[in-house]
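This report concerns only the one structure given below.
Every number in this text was worked out from the coordinates using simple rules, so none of it is lab data. These figures come from a predicted structure and were not determined experimentally. FYI the Cβ positions are ideal-geometry reconstructions off the backbone, even for glycines, and counts take in every protein chain you see.
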Amino acid sequence: MQNDRPPAFVVIGEALIDLTPPAEDGSCIARPGGSPMNVAIGLSRLGQPTAFSGRLSADPFGTVLRRHLEHSAVQLQYAVAASDPSTIALVELAGGQARYQFMLGADFQWQARELAFLPGGARGVHFGSLASWLPPGDAAIAAAVGRVRREGSVLISYDPNVRPSLQPDAAAARQQVEESVSLAHVVKASLEDLYWLYGEDVSADAVAGRWLDLGARLVVITAGADGATGWMAGLLPVSRPQFPAEVVDTVGAGDAFTSGLLDGLARRDLLAPASLAAVSDPAILAGVIDDASRVAGVTCSRPGANPPSRAELAELTG
């Protein structure tokens, strides 16, 4: 079984409960969520053996999260059993777009010893979102990921997943994000992230160039209905259209894109940092972005963060 295979990826970060109000009466549906957990589930469903390194609470919500991960064959040998309560996110949907309010819990109390296993035999390590920039655990994650980056043989990917409600100081947030960018080979972000970090008049091309200068090898910026663009040193930017899909909601869309992006790199044997840096054909980058857009498009076509399996993707997209 896939769950018995060594992980191709280790994903570090939060697993939380999304409370989504489905009706005018104010009632809510509780769904498993959290960007890193969604990425881990997306990768596993696409056939990539994936381990999730999160701090899972012993409370009832933590049990729900653990079972959700297990249901998608995500490996949990690197998960931490935490005594703190689970994190809760209240999701507000407006015009299909998601906004969040948080009650923080176990996910942000990382200690260095809990991440000493990295890279855990994996060829790729993904980190980002709340756990990468909320204290006190952000420092432990940065130190562990930085060690792996210096060792040089494992691909590191990063998604800042900016949340203005938790990062009210844009200048401080920008500094945090750029420190994490400097640790990663692959950086995926949304145009909305860039606008919060650098201002509404920012050029995605300028930010991507800055991030490449900081140490990234590949930067991909998503722009919703306008598709996504990828930048690599030595190549012109590659822009690809959004995958056509009827949008039910966008919850988990960015995370699905990230899992599709990493799966696309893995299936092209581009997880070694040197192999990624050697890419010189823009058609390869275009194919990777298209793969990611398909995964995100299918996820947008159904409610909640519910990325497709490899079989579903083949059936739904041809």
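For the stretch 213-318, rounded, prolate or oblate, judged on the Cα gyration tensor with a ≥ b ≥ c (square roots of eigenvalues), a/c < 1.5 rounded, else prolate if a/b > b/c? The shape class here is prolate. Database remark: amide H of residue 156 closer than 5 angstrom to the amide H of 125, 185, 186 (H placed geometrically; neighbours at sequence offset of 5 or more, or on other chains; Pro and chain starts carry no H).
By DSSP, the beta bridges lying fully in the chain are antiparallel in about 45 percent of cases.
Ranking 144, 191, 161 by Cα position along the charge dipole of the stretch 120-193, where only Lys, Arg, Asp and Glu carry charges on their C-beta atoms, puts 144 farthest toward the positive end. Calculate the dipole size of the stretch 168-262 relative to its Cα centre from +1 charges on Lys and Arg beta carbons and -1 charges on Asp and Glu beta carbons; express the result in debye to the nearest 20. Computed about the Cα centre, the dipole is about 420 debye. Could you please report the charge total around residue 230, scoring K, R as +1 and D, E as -1 over all other residues with beta-carbon less than 13 angstrom from its beta-carbon? Every neighbour counted, the sum reads -1.
Anisotropy class assigned to the stretch 114-270 is rounded, per the alpha carbon gyration tensor with a/c under the 1.5 cut-off. Counting 0.36 nm for each residue step from residue 239 to residue 206 and taking away their Cα separation leaves a gain of 10.4 nm.
For the chain, a Gaussian network of Cα nodes joined below 10 Å ranks 263, 213, 138 by mean-square fluctuation, and the top entry is 213. Connecting C-alpha atoms closer than 10 Å in a GNM of the chain, tell me which of 84, 107, 159 has the biggest fluctuation. Checking each option, the largest mean-square fluctuation is seen for 84. For the stretch 106-243, what does the relative contact order come out to in percent, with C-alpha contacts under 8 Å and a separation of six or more? In percent, rounded to a whole number, it is 18.
Could you compute the longest span of the chain free of GluC sites (Glu not before Pro) located in DSSP loops and having at most 13 other Cβ atoms within 10 Å, not counting the site residues? It would help to have the intermediate numbers written out before the result.
On the way: sites that count: 24, 200, 246.
Of all site-free stretches, the longest is 25-199.
What does the net charge come to around residue 108 if you take all other residues with beta carbon closer than 15 Å to its beta carbon, with K and R at +1 and D and E at -1? Computed value for this residue: -3.
Could you size up the charge dipole of the stretch 133-210 around its Cα centre, putting +1 on the beta carbon of Lys and Arg and -1 on that of Asp and Glu, and report it in debye to the nearest 20?
Charge dipole of the stretch 133-210: 380 debye, to the nearest 20.
Projecting label points 7 angstrom from Cα along Cα→Cβ for residue 165 and residue 99 puts them 0.9 nm apart. How would you classify the chain from its alpha-carbon gyration tensor, with a ≥ b ≥ c the square roots of the eigenvalues: rounded for a/c under 1.5, else prolate if a/b is greater than b/c, otherwise oblate? Taking the square roots of the gyration eigenvalues as a ≥ b ≥ c, the chain is rounded.
Each label point was placed 7 Å from the Cα along the Cα-to-Cβ direction; for residue 309 and residue 92 their separation is 3.7 nm.
Here the spin labels are modelled as points 7 Å beyond Cα on the Cα-Cβ line, and at residue 275 and residue 30 they lie 4.2 nm apart.
Around residue 33, under 13 Å between beta carbons, what's the net of Lys plus Arg minus Asp minus Glu among the other residues? The partial results should precede the final answer.
Details: positive: 31, 163; negative: 14, 18, 107, 249, 255.
Here the count lands on -3.
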